[in-house]
Every structure is written in structure tokens, then in C-alpha cells.
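The values are calculated or read from the model by the stated rules, or taken from the named source; none is laboratory data. Keep in mind it's a predicted model, so treat the numbers as computed, not measured. For neighbour counting, all protein chains shown are included, and Cβ atoms are generated from backbone atoms with ideal geometry for every residue, glycine included.
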Amino acid sequence: MLSRSAMALVTALLMFPQIAETIYSPALIDISAHFSVSAADAAQTLAVYFIGFAIGVLFWGWFSDRRGRRPALLLGLAVYTAGCMLALAAPNFGVLLAARIVAAFGAAIGSVVGQTVLRDAFEGRQLAAIFSFVGMALAISPAIGVYSGGVLAGWWGMYGVFSALALLAATLLLLCAAVMPETRPSRTANQALWPLLLRMMVDTKIRLAVALVAALNIGLFSYYSQGPFLFARLGLDARAFGYSGMALAAGALAGAQGNRLLLRRGAGQQHIFICAGLLLLLASAGVGLLTHSWLFLLPMMGVATAYAMAIPVVLGTALSDYGDCRGSAGALLGLAYYLIIGLGLAIVGWGESLGITLAICAAVSALTGWRYLRHMDDEFS
């Protein structure tokens, strides 16, 4: 079990990567102008972020299983802070891309070790309930990022954004040093990554989970990479884009709260997942039809709702068969889906079509989700 202060800190750590990415989105237009690069090139800074994040997930999961969760958290947050400082001093766009990779490598600590700490402390339906609660926090974290980024970019441009991120990481580092306990179980297997990778590659449930998480994230985060430029074409500035995050937060909070209430009433996660899939299909179609008007935000809220409902179900069930190596297994799982997310967002950045992206992601989610339902553990029914 975790104390309330430790639980609050773990929740903040899980929110941190999403805030760190989405707070950056409103600064894309300023970055494009500052370094004299195209909108498509500026959007690639989000794609390389996910690739650096994937490498970090692999390393920090492995590191936390061998050295402990607490040392991993402290070192990872220090690396992220260093990446932000490098971005502040970047003399050209190439150095900025390198800084984003370094920062992403450090930011991965929040996702992989935060989830691992929860899996160390909870299991079964209790773990599902905790992930549902955390899902509410994750639902609002992109909105916090986009809104804060809109304000910071509107007043101080990209330098305000990177300064705020460095300060946030340093604050989390100090809190982890003061509050975070070591949760690594004594029975943790010192398993080599290669045999574990082979074991997971032949696990159908893992392959489906990777496809699902990747499709859901590409669908949602394509908004954060394309949104600033879409708003600019509609005659709206970075602060207006920041305010749009509140609409998505409302939709995501509705999904997370609905998820939590259904679990409390004994609903199976299968039923929650089916509802999320149907909503995603309908909302994606709505965005495609309304892309040339600000009204596309209404169905985009539905996309956020579906994301908040589905993600906790997948993350809470995917690694149920890997209790002896949660950190390493979580790292390999994260490596797979974050690499796909990074590549997917790179393609989205060049294609610059939010509607088509969401339609493809919804179709992939529906097909893989239908198969994933058959692999979910009976204990969550």
C-alpha cells in the first residue's frame, strides 16, 4: 500500500509525461517561426519525442527492476530537467530535436515507473479501480498542458514553455526525494530482456494491447500536433487553442468518471470497453465531417471520452501474466507502443489530416479491441 502523499505523487508522475508533451503543442507555431521551419517540420518535434520516450521506457523499466523504483525516478527527472535546459539554449532546429529526445528519455520515467509502482502496491479489482481513478487524472492532464502552454506561449513563446517544464521537473525531483518509498518487491526476477521480449512477442494479448494503446494515443495526440495549425487556419491564436483543451478535458473527465462509476456498480471492463469503442467510431466520423469549423471540437470531446474509458482497461489488464517482472515487461510494452505512436505521429505530421487520422485509428481500435476482449482476464468480469 502507498500513503496518500505517495499516491498523490505517483498520480502526478503519471500525469507529467502528458502535461510535458501537450504544454508544448501551443508553442509549435512560435518554434516554426523562430527556427524558420515549416509546420510539418515543427510537428516532427512531437514525433521524435515519442521515439525518445520509447527508448526511455525500455531503459527505465529495466533500471527500476535492478536498482529500484526510487533511484530510477530521481535520475529520470534529472535527465528531463537537463533536456529542457538544452532546449532553452538550442542555437538551431537540429539541437532542439536532440533536446526533445533527451527530455523525452527522462520523461518516460513518469509513465513506466509510475505504472510499475501501482502494480507493485495493488492487484486484481483493486488495481483496476486505482487505474480508473488515475484515468481521471490522466484525462485532465492534456487539458492542463494545452491551457498552460497556450498562456505561456502567448506571453513568452517557446522559452516560457521550456522554462516552466524545467521548473516542474525539478519540483517533482525534490518531492520524490522527500516522499517516494521503494516499492520494488524482493522477489523481482532478474530476467534478461531478450527472453522476456520473445515471450511477449508470441503473446497475442500483448500484441493486441500494443496496437490498441498506440491507435488510441495516435488518435488523441494527432489533435495536439495538428490542432495549433488547424486553429491558425480558422483565424484563432495559440491561447484559443489552449482554451480548447478545456473542452477535451470535460469529455475525458466524463469518460473517466463514467468508467469509475460503472466499476463501482460491478460492470465488467468488457462492457466499458465496448462502449468506448462504439463512441470512438461515432466521434471520429463527426470530426471528419466538421474539420473546417470550430464545431469539430464537439465530436473531439467524444474522442477524449472514449480514450479515457478505454486506456485504463487496457493498461490495467495487459500485464496480468507478468507479475514476476513488471518493470521490464512494462518497459517492453511501452517501447513497442511508443515507437508506433512516434512513427504514427510522424506520418500524421506530414499528412496534416486530422479527420482521416481519427478514422484510421478508430477502425484499428475496433478491430483489435474486438479480439482483445476475448483475452481479458475473467477476474475483471
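On the basis of being modelled with pLDDT under 85, among the basic types (Lys, Arg), touching a helix residue (DSSP H, G or I) at 6+ places or on another chain (Cβ under 9 Å) and over 28 Å from residue 319 (Cα atoms), does residue 239 make the cut?
yes
Taking residue 111 as the residue in question, decide whether it is on the phi > 0 side of the Ramachandran plot, at pLDDT below 95 and either in a helix (DSSP H, G or I) or not β-branched (Val, Ile, Thr) (or both).
no
Here are some residues: 165, 174, 193. Which one is farther than 30 Å from residue 276 by Cβ, loosely packed, with under 13 Cβ neighbours inside 10 Å and either out of contact with any strand residue (DSSP E or B) (no Cβ under 8 Å at 6 or more places or on another chain) or among the aliphatic types (A, V, I, L, M) (or both)?
174
Looking only at residues that are in contact with a Pro (Cβ under 9 Å, 6 or more places away or on another chain) and surrounded by fewer than 21 Cβ atoms within 10 Å (Cβ to Cβ) in the stretch 1-31, which one is nearest to residue 224 (Cα to Cα)?
Of everything passing the filter in the stretch 1-31, 6 is nearest to residue 224 (Cα to Cα).
Tell me, which helices (runs of 4 or more DSSP H) lie completely within the stretch 179-277 with 2 or more residues that are over 16 Å from residue 330 (Cα atoms)?
Qualifying helices (runs of 4 or more DSSP H): 204-233, 238-264.
Residue 270 versus (1) modelled with pLDDT under 85; (2) within 22 Å of residue 347 (Cα to Cα): which is the lone unmet condition?
(2)
So, residue 211, is that one in contact (Cβ under 8 Å) with a residue 60 or more places away in the chain and surrounded by 16 or more Cβ atoms within 10 Å (Cβ to Cβ) or not?
The answer is yes for residue 211.
Checking residue 357 against (1) touching a helix residue (DSSP H, G or I) at 6+ places or on another chain (Cβ under 7 Å); (2) more than 28 Å from residue 244 (Cα to Cα); (3) not hydrophobic (A, V, I, L, M, F, W, C), which single condition isn't satisfied?
(2)
Take residue 339 and tell me if it is within 28 Å of residue 192 (Cα to Cα), in contact with a helix residue (DSSP H, G or I) (Cβ under 6 Å, 6 or more places away or on another chain) and not hydroxyl-bearing (Ser, Thr, Tyr).
yes
Return the residues of the stretch 275-307 that are touching a Phe, Trp or Tyr at 6+ places or on another chain (Cβ under 9 Å) and either surrounded by 19 or more Cβ atoms within 10 Å (Cβ to Cβ) or in contact (Cβ under 8 Å) with a residue 60 or more places away in the chain (or both); say none if nothing qualifies.
Once the filter is applied, which keeps residues that are touching a Phe, Trp or Tyr at 6+ places or on another chain (Cβ under 9 Å) and either surrounded by 19 or more Cβ atoms within 10 Å (Cβ to Cβ) or in contact (Cβ under 8 Å) with a residue 60 or more places away in the chain (or both), the stretch 275-307 yields 276, 277, 280, 286, 287, 288, 289, 294, 300, 303, 304.
Is there a residue being closer than 23 Å to residue 227 by Cβ and either part of a helix (DSSP H, G or I) or modelled with pLDDT of 90 or more (or both) anywhere in the stretch 63-83?
no
Quick check on residue 245: is it in contact with a Phe, Trp or Tyr (Cβ under 7 Å, 6 or more places away or on another chain), crowded, with 17+ Cβ neighbours inside 10 Å and either on the phi < 0 side of the Ramachandran plot or not basic (Lys, Arg) (or both)?
Yes; evaluated as a whole, the condition is true for this residue.
When residues of the stretch 4-47 are filtered for being closer than 17 Å to residue 148 by Cα, part of a helix (DSSP H, G or I) and not hydrophobic (A, V, I, L, M, F, W, C), how many remain?
Residues that pass the stated criteria total 7.
Just the residues that are out of contact with any Asp or Glu (no Cβ under 8 Å at 6 or more places or on another chain) and surrounded by 24 or more Cβ atoms within 10 Å (Cβ to Cβ), please, taken from the stretch 316-330.
The answer is 316, 318, 329, 330.
Working only within the stretch 322-354, note down all residues that are at pLDDT 85 or above and closer than 24 Å to residue 38 by Cβ.
Correct list: 341, 343, 344.
List pairs: first in the stretch 111-122 and closer than 16 Å to residue 337 by Cβ and in contact (Cβ under 8 Å) with a residue 24 or more places away in the chain, second outside any helix (DSSP H, G or I) and of a type outside the set (S, T, N, Q), Cβ under 9 Å, 6+ apart or cross-chain?
What qualifies is 115/319; 116/184.
Does residue 88 fit the bill of being in contact (Cβ under 8 Å) with a residue 40 or more places away in the chain and surrounded by 19 or more Cβ atoms within 10 Å (Cβ to Cβ)?
For residue 88, the condition - in contact (Cβ under 8 Å) with a residue 40 or more places away in the chain and surrounded by 19 or more Cβ atoms within 10 Å (Cβ to Cβ) - is not met.
Conditions tested, residue by residue: (1) in contact with a Pro (Cβ under 7 Å, 6 or more places away or on another chain); (2) over 16 Å from residue 307 (Cα atoms); (3) not polar (S, T, N, Q).
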{"residue": "206", "(1), (2), (3)": "no, yes, yes"}
{"residue": "209", "(1), (2), (3)": "no, no, yes"}
{"residue": "214", "(1), (2), (3)": "no, no, yes"}
{"residue": "217", "(1), (2), (3)": "no, no, no"}
{"residue": "221", "(1), (2), (3)": "no, no, yes"}
{"residue": "233", "(1), (2), (3)": "no, yes, yes"}
